[in-house]
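Report on one structure; see the data block that follows.
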Amino acid sequence: MRRNTLALLGGRPVRTRPLDIPSWPPVTKTGERALTAAYRSGKWSFGGPVEQALAREFAAYHGAKHGVFMANGTVTLQCALAACGVGRGDEVIVPALTWIATAMAAHYVGARPVFVDVERTTLCIDAGKFEEAITPRTRAVIPVHLYGSMADLDAIRRIAKRHGIAVIEDCAHMQGGKWKGRGVGSWGDVGSFSFQESKTVAAGEGGICITSDDGIASRLYRIKHIGYDMQSARGQAAAGPPPGLVCYNFRGTEFQAAILRDQLRGLPRLIARYNRGADRLRGILRGTPGVRIQARGRRADPQGYYGWTVMFDEGPLSGVPLPGIQEALRAEGVGNFVMTYGPVYRHVLWNLPRGRFRIAAGGGCPVAEGTGTERALMMHHWALGSPAGTLDAIGRALVKVARNATALKLK
Ligand SMILES: *Cc1c(COP(=O)(O)O)cnc(C)c1O
């Protein structure tokens, strides 16, 4: 068996032992203690002390004044839009490549999501295309900091300001990520985060909005807490919500908050580790034709990671169907690459009738539909925390598959 022959074609695999990838979500002794303490505290919800502490700490970490903790990272987007006054008849610009929640949030408040294409390098919303898609009805834009990159916040904020449009950052993939050294989510009018179990800070379910605008914070709190204001104790609201502000029960619990506070303490170390893992992979892949790594956020300092994404849209691998590349990697002992999102409007769960959304520029979103979907594979963030031996195997398997693209094509 020759070392250079693809394992798929009978060669020796890069890795014969299983990859040593940390398990996710994380379980810690300190997390267990915090969870038990919340359980025994007799206070399980309704703006308890753990929730308050988490909201304060999470907002401060990301450079914002207020944090409003909620049930998940979908209702946070919905509340963010509502708190910014977005509603029926309005348009909300979203990237075509994201989880469907980003666009559904616009629909939930009665607005129309408008999809625009993403950049080939970062896979985040293309600022130029965002500007082209603006109409007199546009009230908000939701840039998503996708996988392991960041949307161009400087350009997006400049354009939004010029047109009087609210910016809501979808940071579901970017806990702990900073733009020019200040937390993502603090640059827009609101930053929305998810704590669903696959995210880098995870509690099964949960979400938070951060903002430095007192008025927005107050409305966010009322919307998620059935109308109560931030100061009122249970059943003792001094004043009701403003007329017309539709309020819900989108509360999270003390149990979630307890786990999240524990994880938040470890976040700087986790992010630093992921950045080192990504640097190591970049080093191994340097100069390998046909494997393009998703670009880091332009001003990422540090970069956050939901995943680590590679694209095969140029050079020798561009003609090989994605499942073939995935299979070749799996044969090399590297089976942790998964497919990425496709365009929201092609998702099996996306069922809005055509009149309820719009795809900007008529011709569709070629980058999201092509490179971003059919030519990209991702591994989840926890793999970036693997020991060097595992990272090296992942990197070497990618290099080997790329070098043997012709053999793979002929297979
Ligand atoms: C996870 C996610 C959300 C929100 O998800 P929830 O499961 O509702 O917490 C929103 N946007 C993106 C991009 C996501 O990945």
task: Would you check the accessible area of residue 14, probe 1.4 Å, heavy atoms only, in square angstrom rounded to 10?
output: 30 Å²
- line: Counting only protein heavy atoms and rolling a 1.4 Å probe, one gets per residue an accessible area for region 319-396 in Å² of 40 Å²
query: Under a point spin-label approximation (7 Å from Cα along Cα-to-Cβ), what is the residue 231-residue 107 distance to one decimal in nm?
result: 4.0 nm
- request: Give the Cα extents of region 137-231 along the principal axes, in whole Å, largest first.
  value: 35, 31, 26
Extent along principal axes [Cα atoms of the chain; Å; largest to smallest]: 77, 53, 36
query: P(r) for region 324-376: what percent of alpha-carbon pairs falls in each 10 Å bin, starting at zero?
result: 21, 38, 25, 13, 3
message: Would you calculate the convex hull of the Cα atoms in region 90-188 and tell me its volume per residue in Å³?
response: 86 Å³
- request: At q = 0.18 Å⁻¹, work out log10 I(q)/I(0) for region 31-127 with the Debye formula, treating every Cα as an identical point scatterer and leaving solvent out; two decimals please.
  value: -0.95
- prompt: Along its principal axes, what span do the Cα atoms of region 332-411 show, with the longest given first and each in whole Å?
  reply: 51, 33, 20
Estimated FRET transfer efficiency (residue 265, residue 349; beta-carbon r; R0 41 Å; 0.05): 0.70
- line: Total charge of the residues flanking residue 389 in space, meaning their Cβ is under 12 Å from its Cβ, with Lys and Arg +1 and Asp and Glu -1, is +2
task: State whether region 152-197 is rounded, prolate or oblate according to the following rule on the C-alpha gyration tensor (a ≥ b ≥ c being the square roots of its eigenvalues): a/c under 1.5 gives rounded; otherwise a/b larger than b/c gives prolate, and the remaining case gives oblate.
output: oblate
task: Please identify every one of the trypsin sites (Lys or Arg not before Pro) in region 93-174 that sits in a loop by DSSP and has no more than 14 other beta carbons within 10 Å of its own beta carbon.
output: 137
message: Could you compute the net charge surrounding residue 184? Neighbours are other residues with a C-beta less than 14 Å from the C-beta of residue 184; K and R count +1, D and E count -1.
response: +2
- request: Quantify, in whole percent, the carbon and sulfur part of the accessible surface of the chain (1.4 Å probe; protein heavy atoms only).
  value: 51 percent
field: Relative contact order, percent, region 47-152 [alpha-carbon distance under 8 Å, six or more residues apart]
entry: 24 percent
- request: Output the direction-averaged projected area (hull surface divided by four) of the convex hull of the alpha-carbon atoms of region 312-351, in nm².
  value: 3.7 nm²
Bins of 5 Å, starting at 0 and running to the largest distance - Cα pair percent for region 199-279: 3, 13, 17, 18, 16, 13, 8, 6, 4, 2, 1
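The values are calculated or read from the model by the stated rules, or taken from the named source; none is laboratory data. Note that the structure is predicted; figures quoted are calculated from it, not measured. Reconstructed Cβ throughout: ideal geometry from the backbone, glycine too, with neighbour counts over all protein chains shown. Ligands, DNA and RNA are excluded from the accessible area calculation, which covers all protein heavy atoms including side chains. Shrake-Rupley method; radii C 1.70, N 1.55, O 1.52, S 1.80 Å.
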